[in-house]
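Written below as structure tokens is the structure these notes are about.
Values in this text are rule-based calculations from the coordinates and carry no lab data. None of these values were measured; they are calculated from a predicted model. Don't worry about glycine lacking a Cβ; one is built from the backbone with ideal geometry, like all the others, and counts go over all protein chains shown.
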Amino acid sequence: MNTLVKKRLLIAWLALSLMTLGYLAMDHSADRAGALRPSVAVTIGAVLIAAAKMRIIFREFMEVRHAPAWLGRLTDLCVLLLVASLLGSYFIGRAAG
Amino acid sequence: MTTSSVKEAEAGKAVPFVPGQPDMWFFALFETLVFTAYFVVYMFARMQHHEAFLQSQAKLSLSIGTFNTLVLLVSSWSMARCVKEARVGAYRSALTNAFLTASFGVVFLGSKIYEWVREIRLGYGFASDEFFSYYFFLTGIHALHLLIGFVVLGVVVHQLRSPERRSQNLVETGAVYWHTVDFLWVLVFSLLYVVR
Amino acid sequence: MSAAATETETLLESPGGSPLRRIAWHWRHNPKRELWGAWFTIIAFYNVFTVVFFIMTHTQPPPKPWLDAHGVVRWFDGYHNALLIGFGVMFVLTGMTVAQNALIAYSMRRMSVHPGFGYAYLVLYSLAGVPGSLLLCIVLTVGAMRPDRDPALMSWLYDFAFLSYVGTMGVFLVGSLVWMTAILLDKNNVFPKWFGYLNLCNALTEVVVSPAWIFHRGVFAWNGLIAWWIDMVVFGVYTGAFISLLRNMIQREDFGTGPLPELVPNKPNKPDKPGKAKRGPDSPSTMGAAR
């Protein structure tokens, strides 16, 4: 395995880890005196970051980057569907609740 | 071969290929759809009892959750390295990475069990609270996928061990499964611990 | 042998004429008549099953798990005739599931795996049929036939019937895993590998129904969104897939022992397909229908 490939995987992993740690900062920003508070911004942020992480795992770790275009489109569609379903159920639930 | 792949091949780049069996990709996407359905039910229920969910969610330890996520991401990283090493014929290194993947998987499972015990000691069981029903269900069904992942890793190690086998296709197939377990956790984590 | 058999079948093209004549011809001459008989029995069974469970007795989707004793008595009262007629039909026709188990076991005997797989599946699914369908029919019929019993007992029968029906998925789960393992190990291409993995998806939903034992209401109860509806969708996809793949298998069957030939529409199968037989798990085309 050449160093370039190694480096790329390392960078992908670092990005994923940093995004995970980003959740900690987001979390503290939404808390008030230990109690969790509802926050649309944090929810949207969390869903989008999770989707971005999923896409990085698809493209870098699962090598969709080197795969035929149809697999790239299919996995992207999957990520989009997930984001739409999550935010959709969040906002519909919010309106109904 | 499509024209674009011909062009890439001429340009000296690798020809596009589907990593592993396309059949495992079918599984990965199908399971993602099933999980999406669970998530939709959870998100909707959450918004019906928003305050109660937030109060129960506050009992989770975000630091343990973050640790979990980082550990599983490391395991996925070693799995990706295992595939690349096996592809260039560095089987010893690939085996080491496969074992690293399994070890981080065990650490994840260990910290998961520690967390479950902690929640139950605090008085939050599967049936005691709506949020915790979803919590134990989603983390439990994910942990089950992880347990199956160890069987998959066993197949990968079995392939890497003997020169007569060493099917790169099966190694990649196993990796696709393992990464699927990884990104499903990334989703479960953000929905249980972070979403407000 | 295998090539000869398919050759014979394509040569023995049925004569034209009325559909009845064609059926009669196949009945006498088609070498696959037993297999087709089993396959059409599966189709017939699922139709009867749908009519009885979904339309007549309303036991699918399952009724409310949170009914109190009087609610249960009213439920038995309301469906009295439907339960008796519907389950009367089921008692006569449940035996049709044998055709499905047999054809699936046959599919495993056609694979390159140990015969034990097929027999294990046969035993497991025959066992699973008892708590997974027959007990519900028996117990609900008891309730319908003895409406004068203590409401507490009726309530117990109701719980017993539906928990047995929805909650006892363990035997199905192991059976699914047996089939999955056989498909993944098979070198004869009887089923595509993606269907092997779909067996795993199906087995996992069998785990997801288990919270129905604990919860009386909500998404995990026996009629809940997660424990019943999502699982039912997966089961529907799974059942649809295996019915169509079994059909595909019968069409490709050459009564040999080597790899099943691929389906070539309207053309006799080529006598020899080099490479097919010797392809290891690495070959992308062993993945069959994943095109």
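Which of C:S244, C:S210, C:S126 ends up with the largest GNM mean-square fluctuation for chain C, with Cα atoms connected below 10 Å?
So, out of C:S244, C:S210, C:S126, the one fluctuating most is C:S244.
Kindly put C:D68, C:D159, B:D182 in sequence by how many other C-beta atoms sit within 10 Å of each C-beta, fewest to most.
Arranged by neighbour count, lowest to highest, C:D68, C:D159, B:D182 become C:D68, C:D159, B:D182.
Regarding the protein assembly as shown, what whole-number volume in Å³ per residue does the convex hull of its Cα atoms give?
184
Using Cβ counts within 10 Å as a stand-in for footprinting exposure, how do B:M43, B:M24, A:M19 rank, fewest first?
Listing B:M43, B:M24, A:M19 from fewest to most nearby Cβ atoms yields A:M19, B:M43, B:M24.
Given the options C:W25, C:W229, C:W75, state which has the largest fluctuation in a GNM of chain C using a 10 Å cut-off (strictly under) for Cα springs.
C:W25
How much net charge surrounds C:T168 when only other residues with a Cβ under 15 Å from its Cβ are counted (Lys, Arg +1; Asp, Glu -1)?
Details: positive: none; negative: C:D159, C:E206, C:D231.
Here the count lands on -3.
Of C:Y106, C:Y158, how do they rank once you tally other Cβ atoms within 10 Å and put the fewest first?
C:Y106, C:Y158
Where is the GNM fluctuation largest for chain C (alpha-carbon springs, 10 angstrom cutoff): C:D254, C:D231, C:D150?
For chain C, modelled as a Gaussian network with Cα springs under 10 Å, the answer is C:D150.
Tell me, rounded to the nearest percent, the portion of alpha carbon pairs in the range C:18-263 spaced more than 32 Å apart. Write out the running numbers ahead of the final one.
Working: 8571 of 30135 pairs.
Tail fraction, whole percent: 28.
Roughly speaking, what is the centre-to-centre gap between the range C:170-245 and the range B:85-124 when only Cα atoms are used, to the nearest Å?
26
What list of ³J(HN,Hα) values in whole Hz, one per residue of the range B:39-55 in order, does the Karplus curve 6.51 cos²θ - 1.76 cosθ + 1.60 (θ = phi - 60°) give from phi, with Gly and Pro shown as x?
In residue order, the calculated couplings are 4, 4, 4, 5, 4, 5, 4, 4, 6, 6, 10, 4, 4, 4, 5, 5, 5 Hz.
Quote the convex hull volume per residue of the range A:3-96, based on C-alpha atoms, as a whole number of Å³.
Taking only Cα atoms, the range A:3-96 has a hull volume of 90 Å³ per residue.
Can you pull the Rg over Rh of the range B:19-194, Cα-only, Kirkwood?
On the way: Rg = 17.7 Å, Rh = 17.1 Å.
Radius of gyration relative to Kirkwood radius: 1.04.
If I take R0 = 30 Å and measure r between the Cβ atoms of C:R33 and C:H114 in this structure, what FRET efficiency does the formula 1/(1 + (r/R0)^6) give, to the nearest 0.05?
0.60
Output the DSSP H helices from chain C with an along-axis C-alpha extent of no less than 27 Å and a mean Kyte-Doolittle hydropathy no less than -0.5.
C:231-252
More than 18 Å apart: what percent of Cα pairs in the range B:128-188 qualify?
In whole percent, the long-distance tail amounts to 46.
If I fit a long axis through the Cα atoms of helix A:69-96 and take the longest principal axis of the Cα atoms of chain A, what angle between them do I get, 0 to 90°, rounded to 10?
Its long axis makes an angle of about 0 degrees.
How high is the FRET efficiency from C:A24 to C:M232, r the C-beta distance, R0 30 Å, rounded to 0.05?
0.15
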